[in-house]
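Student: Have a look at this one.
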Amino acid sequence: MGEHPGSGPGDVVHAAGVRDDAELVAGIAVGDEAALEALYQRYGGGCYRLARRILDDPQLAEDVVQQVFLALWQGGGYDRSRGAVSTWLMSIAHHKAVDALRREAGRRKRLIDDQQLVEIEAVGPGPADQAWAQLRAERTRLALRSLPAEQREVLLLAYYGGYTQREIADMTGLPLGTVKSRTLQAMQRLRARLRADVDEEPTQ
Amino acid sequence: MTGPTTPHDEMWDELAAGYALDAIEPEDEARLLEHLAGCAHCRATLDDFTLVASQLGSLANGEEEPPPWQQIAPRITRVTPITSIRRRRQPRILAAAAAVVLLAAGGVLAWHYTHGATSPPAQAAIAACSQHPGCSVVRLHGSSGVVAAVIVQDGRASLVPLHLASPSAARAYALWQLPRDGSPIFLDTFRDTGRATPPSPLAVPVADTTAFAVSVEPAGTRPERPSTVIAVGPAPA
């Protein structure tokens with residue numbers, strides 16, 4: 001997520017006086033509104049921008065962010081076995097955005113063409129984002145560009161386009177099995193490329 | 001983790017990759033969730049792919065500012081306070097986790113916690129429940145993750161401590177049932193965190209329950225309302 005320097009695979013540890021993610025989640029479990037607000041300030045922007053990118057609609061994106069933090073407030077479903085808070089929130093935001101996209105079938109873009117894919121890759125963190133987030137986004141972008149074009153296409157159509165693999169097969173004319181195998185290859189390559197970044201994630 | 005070595009592995013890895021991207025069809029999703037229950041390799045793969053997907057999300061950073069907290073807060077905290085949790089549709093990734101818990105059989109329950117393994121009796125109780133069609137496990141989330149579980153069966157509830165510290169002499173834990181309408185209802189109190197509590201009759205049917213919770217109370221009392229809620233979990237759908 002963009003606005004927080006340490007959002008990553010482990011809960012973020014902050015300087016003295018700043019509550020870390022685990023403390024905030026604990027606070028939410030007992031109805032601490034300030035804890036919820038703090039997590040929103042930390043990760044709401046990343047969730048919102050992801051939803052904007054998928055839905056291309058500010059109101060729908062706002063609805064998604066509200067649903068994400070409402071889910072957290074209502075008992076969450078989050079626990080540490082699910083990974084970092086940031087990863088969990090992003091997963092929920094993506095899932096809800098794709099759900100919204102599929103409900104709003106008339107609004108969805110029929111096809112993300114090559115130019116749109118390039119734009120997705122080219123968009124960088126905003127000026128308010130922290131250095132680590134910028135670095136991480138840049139590394140992710142480089143990892144994405146290292147993929148063969150045919151793998152990158154199916155990956156971005158799925159993640160940012162919100163298309164199912166069967167829909168991607170229909171629109172590209174590829175066999176469904178090819179879409180699945182290309183997606184897997186893309187995810188495996190990204191995993192290998194990004195794992196090093198995860199290992200370097202700062203702890204404060 | 002090693003890469004796929006057989007066609008079997010590759011098929012499940014393909015499904016896990018698609019699932020992490022929210023891109024697989026419902027029937028494939030159902031197959032994967034069932035498979036995850038008994039396959040630690042695929043659960044680890046899915047965790048990896050979920051992390052990759054979240055990093056893809058970092059590319060969505062741009063100039064757009066999220067709505068200010070003051071704008072959306074009333075729609076969250078003031079409309080739905082924590083004490084009136086409503087039953088909700090679990091996000092799919094959480095459904096996967098639940099499926100892992102509820103479908104695991106034969107005492108090989110993959111119950112991952114950050115504070116060490118749960119005690120064998122607790123695991124046995126949960127595993128036994130998972131094999132019984134009429135039994136449900138409710139995970140109670142506390143400050144460090146899942147700290148206890150409630151086993152609900154035949155109109156009774158039993159609290160299974162998983163990671164609850166022993167209370168001081170002046171304190172005890174209390175188990176609460178949160179009905180769909182109305183205030184939390186006291187079910188039981190306990191101090192022994194080494195074993196499950198005897199089943200207590202539910203105050204209202206589980207179908208009319210939104211959540212279960214554990215609070216800390218003065219020892220020797222029967223509280224009318226929760227003092228300090230330390231863990232809560234949604235009732236089974």
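The values are calculated or read from the model by the stated rules, or taken from the named source; none is laboratory data. Just so it is clear, the model here is predicted, and its values are computed rather than measured. In this analysis, Cβ positions are derived from the backbone assuming ideal geometry, glycine residues included, and neighbour counts consider all displayed protein chains. These accessible areas exclude ligands, DNA and RNA; they are computed on the full protein's heavy atoms, side chains included. Shrake-Rupley method; radii C 1.70, N 1.55, O 1.52, S 1.80 Å.
Student: It is to be established whether one or more residues within segment B:175-184 are polar (S, T, N, Q), touching a strand residue (DSSP E or B) at 6+ places or on another chain (Cβ under 9 Å) and under 23 Å from A:Ala71 (Cα atoms).
Tutor: The answer is yes; a qualifying residue exists.
Yes/no matrix, rows are residues, columns are (1) assigned to a loop (DSSP other than H, G, I, E, B); (2) among the charged types (D, E, K, R); (3) open to solvent by 20 Å² or more (accessible area, probe 1.4 Å); (4) in contact (Cβ under 8 Å) with a residue 12 or more places away in the chain:
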{"residue": "B:Ala148", "(1), (2), (3), (4)": "no, no, no, yes"}
{"residue": "B:Val152", "(1), (2), (3), (4)": "no, no, no, yes"}
{"residue": "B:Leu159", "(1), (2), (3), (4)": "no, no, no, yes"}
{"residue": "B:His163", "(1), (2), (3), (4)": "yes, no, yes, yes"}
{"residue": "B:Leu175", "(1), (2), (3), (4)": "no, no, no, yes"}
{"residue": "B:Asp188", "(1), (2), (3), (4)": "no, yes, yes, yes"}
{"residue": "B:Ala196", "(1), (2), (3), (4)": "yes, no, yes, yes"}
{"residue": "B:Pro226", "(1), (2), (3), (4)": "yes, no, yes, yes"}
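Student: Give the residues of segment B:33-83 that are at pLDDT 85 or above, outside any helix (DSSP H, G or I) and touching a helix residue (DSSP H, G or I) at 6+ places or on another chain (Cβ under 6 Å), sorted by residue number.
Tutor: B:Pro66, B:Pro67
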